[in-house]
Amino acid sequence: MFLLLWLVTRLPFMLQRQAGRAIGWLAGGLARRRRHIARINIRLCFPQLGDRRQARLVTRHFRSLGQGVVETALCWWGREAGLRNHYQLIGEQHLLAARQRGRGVILLSAHFTTLELGGRLLALTQSFHVLYRRHKNPLFEAVMQRARQRRFASAIPREDTRALLHCLRDNQVVWYAPDQNHGGSQSVFAPFFTIPASTLTTTARLAKLSGAAVVPFFQIRLPGNQGYLLTLCPALEDFPGDDPVADAARINGLIEAVVREAPEQYLWVHRRFKTRPDGEPSPYDV
């Protein structure tokens with residue numbers, strides 16, 4: 001599989017996109033459990049669309065998911081010269097201004113299908129560390145770790161809080177995406193598309209411990225042959241506040257706004273609403 005993905009990265013840009021859509025079409029037919037999860041997530045978050053338009057969005061999402069597989073391969077093996085021709089970066093001044101505060105920067109992202117490539121593209125102009133979750137498959141872990149060590153300042157395991165805080169206190173930039181359902185004591189329920197969602201409080205806690213600025217960073221795949229739009233937003237003001245739920249809701253609101261711009265590109269195959277308040281049943285078990 002790795003060889004096939006490497007070969008795809010040597011194709012022209014439009015053929016790479018077509019290959020990604022083909023992978024997504026195949027996955028949409030074979031990965032029934034993931035399709036079930038995506039269908040439920042989209043039904044919960046976009047009830048106003050109705051059954052037919054929700055089904056079309058699920059199909060578009062799997063197409064986007066397949067493109068994300070190819071984009072991840074580009075993150076690992078893509079040629080730098082080719083990548084430079086396929087993205088636009090706006091808001092770079094916000095990251096530079098945040099670093100001038102001297103307390104480090106938390107580069108806040110979310111799990112879009114473009115996430116991996118978005119980080120690689122930003123790393124062409126900015127140096128930063130990446131916080132990551134170890135992969136269960138040893139081969140995948142080895143390939144990803146090797147790529148991350150080449151492309152980023154360092155790759156920090158998610159559980160290594162000491163290394164993360166050390167980077168921030170050294171006025172470094174750390175990139176991570178906290179928008180998945182991990183449950184546990186480090187999470188609160190905050191609205192995401194009006195639905196109570198188990199949301200990590202990590203961003204607020206790290207910002208409070210280190211004094212780091214929080215700069216939202218999002219990536220969108222543009223239509224046709226236009227490539228990608230990378231957006232760095234102004235650092236969050238008055239963050240963190242005194243209420244962890246309000247802080248979590250604020251971050252969820254930022255992510256939701258971007259999801260609404262390109263809903264097919266968010267990672268709907270993740271069980272975002274698995275953990276429920278007050279012992280409610282998981283919607284994925286229906």
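For the stretch 124-138, a tally of residues being without any contact (Cβ under 8 Å) to a residue 24 or more places away in the chain and surrounded by fewer than 13 Cβ atoms within 10 Å (Cβ to Cβ) returns 3. In this structure, Val188 does not qualify as part of a strand (DSSP E or B), under 14 Å from the mean Cα position of the chain (by Cα) and at pLDDT 85 or above. Count of the stretch 215-249 residues, restricted to those that are of a type in the set (D, E, K, R) and either within 16 Å of the chain's Cα centre (by Cα) or farther than 26 Å from Pro277 by Cα (or both), is 3.
Here Phe2, Phe13 are screened, and the one residue that is exposed (fewer than 13 other Cβ atoms within 10 Å of the Cβ), among the aromatic types (Phe, Trp, Tyr) and within 19 Å of Glu116 (Cα to Cα) is Phe2.
When restricted to residues that are among the small types (Gly, Ala, Ser) and within 12 Å of the chain's Cα centre (by Cα), the stretch 84-140 contains 4. All conditions but one from (1) crowded, with 16+ Cβ neighbours inside 10 Å; (2) among the aromatic types (Phe, Trp, Tyr); (3) not in a loop (DSSP other than H, G, I, E, B) apply to Tyr284; the one that does not is (1). Contact map, the stretch 184-204: residues that are aromatic (Phe, Trp, Tyr) and surrounded by fewer than 20 Cβ atoms within 10 Å (Cβ to Cβ) paired with residues that are modelled with pLDDT of 95 or more and assigned to a strand (DSSP E or B), Cβ distance under 9 Å, separation 6+ or inter-chain. Pairs shown: Phe189/Pro196; Phe189/Ala197; Phe189/Ser198; Phe189/Thr199.
Candidates are the residues of the stretch 76-105 that are over 18 Å from Gln226 (Cα atoms) and touching a helix residue (DSSP H, G or I) at 6+ places or on another chain (Cβ under 6 Å); the one that is surrounded by the most Cβ atoms within 10 Å (Cβ to Cβ) is Val105.
Only residues that are part of a helix (DSSP H, G or I), in contact with a strand residue (DSSP E or B) (Cβ under 9 Å, 6 or more places away or on another chain) and closer than 14 Å to Gly104 by Cβ were counted across the stretch 131-175, and they come to 4. Just one residue in the set Pro240, Pro216 is closer than 17 Å to His111 by Cα and surrounded by 18 or more Cβ atoms within 10 Å (Cβ to Cβ); that residue is Pro216.
The values are calculated or read from the model by the stated rules, or taken from the named source; none is laboratory data. None of the values given here were measured: they were computed from a predicted structure. No Cβ is skipped: glycine too gets one built from the backbone with ideal geometry, and neighbour counts run over all protein chains shown.
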